[in-house]
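Engineer: Pasting a structure here, questions to come.
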Amino acid sequence: MSLQNKIYTESKSALDSMKTEIANELGLTNYEKMDKGNLTARQNGYVGGYMTKKLVEMAESQLAGKTTPQL
């Protein structure tokens, strides 16, 4: 496996875990198994929005030289 494929695989896995964690925090249990087409645009948007917010916070923290939390 090339380094690029390994990074992609690990990143995708971490982002999927983050997505599931955020969905659970928002009360969307079993999100990974749900048919996302049955959710409202608002529900799907909240998950993506909170993911973006957390990723930006992590990047800002890293740029400031602070430790970053794991995904």
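Engineer: For helix 3-25, report the angle its Cα long axis makes with the longest principal axis of the Cα atoms of the chain; keep it between 0 and 90° and round to the nearest 10°.
Structural biologist: 50 degrees
Engineer: Mean residue ellipticity at 222 nm from the helices of the chain, using -39,500 (n - 2.57) per DSSP H segment of n ≥ 4 over the full residue count, to the nearest 500 deg cm²/dmol?
Structural biologist: Helices in the chain give a 222 nm mean residue ellipticity of -22500 deg cm²/dmol.
Engineer: Now for a separate question. Contact order normalised by length for the chain, with contacts defined as Cα pairs under 8 Å and 6 or more residues apart; what percent is it?
Structural biologist: Relative contact order here is 31 percent.
Engineer: Still on this structure, please answer the following. Apply the Karplus parameterisation 6.51 cos²θ - 1.76 cosθ + 1.60, with θ equal to phi minus 60°, to every residue of the range 42-56 and state each ³J(HN,Hα) to the nearest whole Hz, in sequence, with x for glycine and proline.
Structural biologist: Here the 3J(HN,Hα) series is 4, 5, 5, x, 4, 4, x, x, 5, 4, 4, 4, 5, 5, 5 Hz.
Engineer: Return the sequence-ordered ³J(HN,Hα) values of the range 26-39 in whole Hz as given by the Karplus equation 6.51 cos²θ - 1.76 cosθ + 1.60 applied to θ = phi - 60°, using x for Gly and Pro.
Structural biologist: 8, x, 9, 6, 6, 4, 5, 9, 6, 7, 4, x, 8, 8
Engineer: A 21 angstrom limit on the alpha carbon distance is what I want to check against. Which of Lys6/Lys36; Lys19/Lys54; Lys12/Lys36; Lys12/Lys33; Lys19/Lys53 exceed it?
Structural biologist: Lys6/Lys36
Engineer: Counting only heavy atoms of protein chains, what accessible area per residue, in Å², does the chain have with a probe of 1.4 Å?
Structural biologist: I get 78 Å² per residue for this part.
The values are calculated or read from the model by the stated rules, or taken from the named source; none is laboratory data. All values reported here derive from a predicted model rather than from experimental measurement. Please note that ligands, DNA and RNA were not included when accessible areas were found on the heavy atoms of the full protein model with its side chains. Shrake-Rupley method; radii C 1.70, N 1.55, O 1.52, S 1.80 Å.
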